[in-house]
Every structure is written in C-alpha cells, then in structure tokens.
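Since the structure comes first, as structure tokens, the remarks are kept for the end.
The values are calculated or read from the model by the stated rules, or taken from the named source; none is laboratory data. Quantities reported herein were computed from a predicted structural model and do not represent experimental measurements. Note that each Cβ is placed from the backbone with ideal geometry, even for glycine, and that neighbours are counted across all protein chains shown. Side chains are part of the model used for accessible areas, which takes the heavy atoms of the whole protein and leaves out ligands, DNA and RNA. Shrake-Rupley method; radii C 1.70, N 1.55, O 1.52, S 1.80 Å.
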Amino acid sequence: MKILMVCLGNICRSPLADGLLRHKVNREGIRATVDSAGTANYHVGGPPDERMTETAMRNGIDISNLRARQFKVTDYDEFDLIYVMDKSNYHNVTRLARNEEDVQKVKLILDELGHSNSIQEVPDPYYGGQAGFNHVFDLLNRATDVIIENIQHDR
Ligand code: 4NP
C-alpha cells in the first residue's frame with residue numbers, strides 16, 4: 001500500500017497527514033509507504049511550517065525532517081491512493097490525471113470521516129492563528145485513524 005498526502009504548499013496540512021499516518025502505520029506494524037507533496041512549488045526543499053511542526057510535536061508526532069516537494073504526474077504510477085485536503089487540491093491534482101484510473105486514486109481525506117461529518121475540506125491554516133493548527137491536527141488525527149482501520153479491514 002502506497003499513500004500520498006497532498007495540499008497546496010506541502011508545509012502545513014499534508015506534512016502533518018504524512019507524519020500522523022507514518023506514525024500509526026509504524027505503531028500498528030503495517031507495511032505501507034507514506035509520502036506527501038504540494039501542488040504548488042513555492043516551498044520546495046523547505047521544512048514544514050514551524051507552527052505545524054510544533055503542534056505536531058506537542059502531540060507526539062515529529063515532522064521536522066520532512067521536506068516539501070511538488071506533486072508530479074508520475075506520482076500516479078507510484079501511489080495507490082492520493083489524499084487531498086480540499087477541493088482546490090482535488091482540481092489541481094486531477095487536472096494532471098492521464099486516465100480514469102488516475103482520477104479514481106484521488107480522494108478528499110475528510111470523506112473518510114463519513115457522511116455524518118459536516119466538514120469536507122481541511123482548512124488552510126497558513127494565514128490564521130494557533131486555533132487553526134489545532135483544528136487541522138484534530139481533523140487529520142481522526143481521518144488517519146479511519147485510514148488505518150480501512151487498511152486493517154482490507155488485509
Ligand atoms: P498547506 O498551507 O497547503 O497546508 O501547506 C499553505 C502553505 C503555504 C501557502 C499556502 C498554503 N502559501 O501560499 O505560501
């Protein structure tokens with residue numbers, strides 16, 4: 001199983017989703033590859049936003065070693081599942097799809113929380129305060145729990 005997390009900058013939301021899922025995959029002894037990327041190239045080569053790194057660290061997740069990279073079309077060959085954080089990411093990623101099989105790999109990550117969940121998109125915390133980072137942590141912590149449950153049921 002190879003899973004890619006995608007947001008806009010690859011410095012806030014997708015590095016956290018990546019770190020959370022890596023942590024849980026290791027904890028559960030699941031063999032999976034987890035990575036993340038951004039649709040934009042603004043932050044390529046840079047570390048995650050300090051506010052996200054610190055929020056993650058306070059919750060026992062170390063994302064400090066991750067470095068931003070840009071999503072590329074060959075990621076469709078490399079990964080089985082591509083989780084995007086919001087609809088804008090969805091459009092930017094599926095615009096590069098070469099066929100229907102590629103499109104089918106792309107999912108909004110909060111869809112994993114089911115239809116009772118009222119929020120479909122992980123809000124971009126970049127221009128906001130600490131509360132936004134905590135909210136992103138809570139949403140992605142829950143979504144990655146469901147992803148782990150799904151992997152364990154499918155095995
Ligand atoms: P991310 O947040 O997509 O969650 O990494 C952002 C980070 C940087 C920018 C936008 C969103 N930016 O415009 O630089």
TODO: Can you confirm whether segment 91-104 contains a residue that is within 11 Å of the ligand (Cβ to nearest atom) and in a loop (DSSP other than H, G, I, E, B)?
DONE: no
Of the residues in segment 40-52, those that are open to solvent by 30 Å² or more (accessible area, probe 1.4 Å) and in contact with a Phe, Trp or Tyr (Cβ under 8 Å, 6 or more places away or on another chain) number 1
Contact list, first residue from segment 36-47 and closer than 17 Å to Leu16 by Cβ, second anywhere and open to solvent by 60 Å² or more (accessible area, probe 1.4 Å) and charged (D, E, K, R), beta-carbon distance below 8 Å, six or more apart or interchain, is Ala37/Lys72; Gly46/Arg67; Pro47/Arg67
Checked pairs for segment 115-141, first within 15 Å of Lys87 (Cα to Cα), second charged (D, E, K, R) and not in a helix (DSSP H, G or I), C-beta under 7 Å and 6 or more apart or across chains, list as Glu121/Asp86; Val122/Asp86
A careful count of residues in segment 108-155 that are assigned to a helix (DSSP H, G or I) and touching a His at 6+ places or on another chain (Cβ under 9 Å) gives 1
Filtering segment 7-35 down to residues that are part of a loop (DSSP other than H, G, I, E, B), among the small types (Gly, Ala, Ser) and either in contact with a helix residue (DSSP H, G or I) (Cβ under 8 Å, 6 or more places away or on another chain) or within 15 Å of Met85 (Cβ to Cβ) (or both) yields Gly9, Ala32
The residue from Asp124, Asp145 that alone is modelled with pLDDT of 95 or more and surrounded by fewer than 16 Cβ atoms within 10 Å (Cβ to Cβ) is Asp145
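Condition check ((1) β-branched (Val, Ile, Thr); (2) surrounded by fewer than 13 Cβ atoms within 10 Å (Cβ to Cβ)) across all residues:
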residue: Glu54; (1), (2): no, no
residue: Gly60; (1), (2): no, yes
residue: Ser64; (1), (2): no, no
residue: Asp77; (1), (2): no, yes
residue: Val84; (1), (2): yes, no
residue: Lys87; (1), (2): no, yes
residue: Ala97; (1), (2): no, no
Taking segment 109-121 and keeping only residues that are open to solvent by 20 Å² or more (accessible area, probe 1.4 Å) and modelled with pLDDT of 95 or more, one is left with Asp111, Glu112, Leu113, Gln120, Glu121
Pairs returned, first residue in segment 48-60 that is farther than 11 Å from Tyr126 by Cα, second residue that is away from the ligand (no atom under 12 Å from the Cβ) and charged (D, E, K, R), beta-carbon separation under 8 angstrom, 6 or more apart or interchain, are Ala56/Asp62
